[in-house]
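Asker: I am attaching a structure below and will ask some questions about it afterwards.
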Protein chains: 2
Amino acid sequence: MAKGISEIDMKILKLLSKNARLTYKELAEMLGTTRQRVSRRMDRLEKSGIVRKYTVIPDYEALGYSHLVLGITLGPSVDIDEVIEKLRQIEEVKVIERALGTHNLVLHIIGPKDMRELEKIISRISKNNHGLEKMDITFVTEIVKFETL
Amino acid sequence: MAKGISEIDMKILKLLSKNARLTYKELAEMLGTTRQRVSRRMDRLEKSGIVRKYTVIPDYEALGYSHLVLGITLGPSVDIDEVIEKLRQIEEVKVIERALGTHNLVLHIIGPKDMRELEKIISRISKNNHGLEKMDITFVTEIVKFETL
């Protein structure tokens, strides 16, 4: 465990990763502690940035969206911050992760199902950014398991 | 918009994607509707499976974890369901997504920072599964943007 993170913090985070809508009261009961203590710990976790976000994972298929993961490899002299700034402007790019390894950037696109429309989004990504050496395109067809902790 | 999903459903989901802990009351105020209506719509979204999960996105770095994305390409005769069943047994494999395109499977590993420990986890994935043709390994170093809708 990282310094500054107590055992109760980790337990709270694990419970929230399964259901982020648990109330302070429910969390307190599950952990055998008080509502006040849970509220105080969560406040701290949120303010320190350890909690980035509470969010919903939807079934994109049921909503009529397609979900793509783009793994991007940049050329050696490319300014990654500049690329990221341009990617932020594209509404359908919902997730941007800096990375090391096979890819330098991992993007998630939540877009229309229509392939021609998707192609336009992808070409907006590649056209605006010189120095994209390689782009691996993967369509997520089903989220089999999704846990964050 | 997919059939059966109303405009209010999409508005609720978008607000929850920004903050899944908003109360019925807060959502109702933001949308100019009643608490009862929000509660009814959310109940339906949850029961129908359109909401897969409410979860927390933590700062893995601050928690002392490493976050890896593995893009796996399977050989043509491999039974993907069998592979998935084996992957479900590995605790550190937190996300399993079936996919089409460059990769047939996208996995997220939340593991220790120690590289030798990580190597053990990755070799457990590859050893147990014959027919992994290729595995692209990417370390996520920073989540720059994370939205789900």
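Asker: Looking at segment A:44-94, which of its residues are hydroxyl-bearing (Ser, Thr, Tyr) and more than 21 Å from B:THR55 (Cβ to Cβ)? Lay out the reasoning, then the answer.
Answerer: Pass one, segment A:44-94, residues hydroxyl-bearing (Ser, Thr, Tyr): A:48, A:54-55, A:60, A:65-66, A:73, A:77.
Result: A:SER66, A:THR73, A:SER77.
Asker: Can you name every residue in segment B:61-105 that is under 17 Å from A:ILE57 (Cβ atoms) and not β-branched (Val, Ile, Thr)? Write out each step before concluding.
Answerer: Restricting attention to segment B:61-105, the residues satisfying the condition of being under 17 Å from A:ILE57 (Cβ atoms) are B:67, B:69, B:93-99.
Correct list: B:HIS67, B:LYS94, B:GLU97, B:ARG98, B:ALA99.
Asker: Related question: Checking the condition touching a helix residue (DSSP H, G or I) at 6+ places or on another chain (Cβ under 8 Å), touching a residue at least 12 places away in the same chain (Cβ under 8 Å) and not aromatic (Phe, Trp, Tyr), which residue from A:VAL83, A:VAL51 passes?
Answerer: Working: A:VAL83 fails: touching a helix residue (DSSP H, G or I) at 6+ places or on another chain (Cβ under 8 Å).
Sole residue among the options that is touching a helix residue (DSSP H, G or I) at 6+ places or on another chain (Cβ under 8 Å), touching a residue at least 12 places away in the same chain (Cβ under 8 Å) and not aromatic (Phe, Trp, Tyr): A:VAL51.
Asker: Of all residues in segment A:4-50, which are exposed (fewer than 14 other Cβ atoms within 10 Å of the Cβ) and closer than 21 Å to B:LYS18 by Cβ?
Answerer: A:THR23, A:ASP43, A:LYS47, A:SER48, A:GLY49
Residues are listed down the side, and each one gets a yes or a no for (1) touching a residue at least 40 places away in the same chain (Cβ under 8 Å); (2) of a type in the set (A, V, I, L, M, F, W, C):
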residue: A:ASP9; (1), (2): yes, no
residue: A:SER39; (1), (2): no, no
residue: A:PRO58; (1), (2): no, no
residue: A:HIS67; (1), (2): yes, no
residue: A:ARG88; (1), (2): no, no
residue: A:ALA99; (1), (2): no, yes
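Asker: State whether the residues of segment B:83-97 include one that is over 21 Å from B:VAL144 (Cα atoms), of a type in the set (D, E, K, R), surrounded by 16 or more Cβ atoms within 10 Å (Cβ to Cβ) and touching a Gly at 6+ places or on another chain (Cβ under 9 Å).
Answerer: So the first thing to find is which residues in segment B:83-97 are over 21 Å from B:VAL144 (Cα atoms), and the list is B:83-93, B:96-97.
Applying the additional criterion that residues be of a type in the set (D, E, K, R) yields B:85-86, B:88, B:91-92, B:97.
Next, from what is left, pick out any that are surrounded by 16 or more Cβ atoms within 10 Å (Cβ to Cβ): B:92, B:97.
Of the ones still in play, those that are also touching a Gly at 6+ places or on another chain (Cβ under 9 Å) are B:92.
Among the residues of segment B:83-97, at least one is over 21 Å from B:VAL144 (Cα atoms), of a type in the set (D, E, K, R), surrounded by 16 or more Cβ atoms within 10 Å (Cβ to Cβ) and touching a Gly at 6+ places or on another chain (Cβ under 9 Å), which makes the answer yes.
Asker: Just to confirm my filter: which strands (runs of 3 or more DSSP E) fall fully inside segment A:6-116 and include at least 3 residues that are at the interface with chain B (Cβ under 7 Å from one of its Cβ atoms), closer than 26 Å to B:LYS14 by Cβ and not small (Gly, Ala, Ser)?
Answerer: Correct list: A:51-58, A:93-101.
Asker: Here's a follow-up. Just for segment B:117-136: of the residues that are crowded, with 17+ Cβ neighbours inside 10 Å, farther than 19 Å from B:LEU63 by Cβ and not polar (S, T, N, Q), which one is nearest to the other protein chains (Cβ to nearest Cβ)?
Answerer: Within segment B:117-136, the match that is nearest to the other protein chains (Cβ to nearest Cβ) is B:ASP136.
Asker: Does A:VAL78 satisfy the condition of being outside the structural domain of A:ILE122 (by TED's automatic domain parsing) and among the aliphatic types (A, V, I, L, M)?
Answerer: Values: outside the structural domain of A:ILE122 (by TED's automatic domain parsing): no; among the aliphatic types (A, V, I, L, M): yes.
Judged against the criteria, A:VAL78 is not a match.
Asker: Let me ask something additional. Mind checking which residues of segment B:117-149 are farther than 28 Å from A:GLY64 by Cα and part of a loop (DSSP other than H, G, I, E, B)?
Answerer: B:ASN128, B:ASN129, B:HIS130, B:GLY131
A quick yes/no check of all residues on (1) under 19 Å from the mean Cα position of the chain (by Cα); (2) at pLDDT 95 or above; (3) more than 30 Å from A:ILE5 (Cα to Cα):
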{"site": "B:THR55", "(1), (2), (3)": "yes, yes, no"}
{"site": "B:ASP59", "(1), (2), (3)": "yes, yes, no"}
{"site": "B:TYR65", "(1), (2), (3)": "yes, yes, no"}
{"site": "B:LEU68", "(1), (2), (3)": "yes, yes, no"}
{"site": "B:ILE109", "(1), (2), (3)": "yes, yes, no"}
{"site": "B:GLU117", "(1), (2), (3)": "no, yes, no"}
{"site": "B:ARG124", "(1), (2), (3)": "no, no, no"}
{"site": "B:HIS130", "(1), (2), (3)": "no, no, yes"}
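Asker: Over 26 Å from B:ASP59 (Cβ atoms) and of a type in the set (Val, Ile, Thr): does that describe A:THR141?
Answerer: On the way: over 26 Å from B:ASP59 (Cβ atoms): yes; of a type in the set (Val, Ile, Thr): yes.
For A:THR141, the condition - over 26 Å from B:ASP59 (Cβ atoms) and of a type in the set (Val, Ile, Thr) - is met.
Asker: Consider B:LYS18 carefully, then state whether it is charged (D, E, K, R), closer than 30 Å to B:SER126 by Cα and modelled with pLDDT of 95 or more. It would help to see each step written out before you state the result.
Answerer: Values: charged (D, E, K, R): yes; closer than 30 Å to B:SER126 by Cα: no; modelled with pLDDT of 95 or more: yes.
Judged against the criteria, B:LYS18 is not a match.
Per-residue answers, yes or no, for (1) over 25 Å from B:TYR24 (Cα atoms); (2) touching a Leu at 6+ places or on another chain (Cβ under 7 Å); (3) not assigned by TED's automatic domain parsing to the domain that holds A:HIS130:
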{"position": "A:SER17", "(1), (2), (3)": "no, yes, yes"}
{"position": "A:ARG21", "(1), (2), (3)": "no, no, yes"}
{"position": "A:ARG35", "(1), (2), (3)": "no, no, yes"}
{"position": "A:VAL38", "(1), (2), (3)": "no, yes, yes"}
{"position": "A:SER66", "(1), (2), (3)": "yes, yes, no"}
{"position": "A:ILE72", "(1), (2), (3)": "yes, yes, no"}
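The values are calculated or read from the model by the stated rules, or taken from the named source; none is laboratory data. All values derive from a computational prediction rather than experimental measurement. No Cβ is skipped: glycine too gets one built from the backbone with ideal geometry, and neighbour counts run over all protein chains shown.
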